[in-house]
1. Tilt of helix 12-28 relative to the longest C-alpha principal axis of the chain, in degrees (0 to 90, nearest 10)?
2. Could you sort 112-121, 9-18 so that the peptide with the highest average Cβ count within 10 Å comes first and the rest follow in order?
3. Which peptide among 123-129, 80-86 comes first, and what is the full order, when sorted by highest mean count of other Cβ atoms within 10 Å?
4. Over the chain, what is the relative contact order in percent, taking alpha-carbon pairs closer than 8 angstrom and at least six residues apart?
5. So if I place +1 on the C-beta of Lys and Arg and -1 on the C-beta of Asp and Glu, and nothing else carries charge, what would the dipole magnitude of segment 38-141 be about its Cα centre? I want it in debye, nearest 20.
6. Normalise the Cα radius of gyration of segment 31-81 by 2.2 N^0.38 Å (N = residues in it) and let me know the number.
7. For helix 100-116, report the angle its Cα long axis makes with the longest principal axis of the Cα atoms of the chain; keep it between 0 and 90° and round to the nearest 10°.
8. Once each part is reduced to its C-alpha centroid, what is the distance from segment 53-73 to segment 99-145 in angstrom?
Amino acid sequence: RGFNVGNDAPPVHRVVEILQKEALRPMMYYVMMERILDSQHYGNDYELDEYIRDLTNAIFKQDNGEEVNSFRQYLQVLYTKQLGNMSGPSSMFAPNRYPYQARSLAVGEMNHIKELLDYNGHDAATQAHYDYLRAIIKTAFRHMQ
């Protein structure tokens, strides 16, 4: 960097976060869940529980027991929050449009994620990240009641 450049460092994390959000959004959309459920009735062997577990594995398994870099931390938070939204309450004015099956699978996946959050390393950032994920899950469970 030269002089008189200012604080215009490229917003690498923000760009990656936007790309992750835009990639994950259609995969977690309630219409996608409905399509998978409906297609099971006319020959699709890929069931919704497999789909959600595959997403969880793709997002979490690589880091199992290892330090989690900041890019993957955001993706894991985004995914866990979306599972919480899927399982969240529904009311007349704020309906939860996810099918019941997707809601119950989201609860199961959050429990599965809690099991994956076992870290014995020395990276304080990863430990704090896992504590934050546990807090997100705890809040989601509290709001289901």
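1. 10
2. The peptides rank, most packed first, as 112-121, 9-18.
3. Packing order, densest peptide first, comes out as 80-86, 123-129.
4. 28
5. Charge dipole, segment 38-141, about its Cα centre: 500 debye, nearest 20.
6. 1.43
7. Between the helix axis and the principal axis of the chain, the angle is about 40 degrees.
8. Each part reduced to its Cα centre gives a spacing of 12 Å.
The values are calculated or read from the model by the stated rules, or taken from the named source; none is laboratory data. Since the model is a prediction, treat every value here as computed from it, not as a measurement. Every residue, glycine among them, receives a Cβ derived from its backbone with ideal geometry; neighbour counts consider all protein chains shown. Side chains included, ligands, DNA and RNA excluded: accessible areas come from the protein's heavy atoms. Shrake-Rupley method; radii C 1.70, N 1.55, O 1.52, S 1.80 Å.
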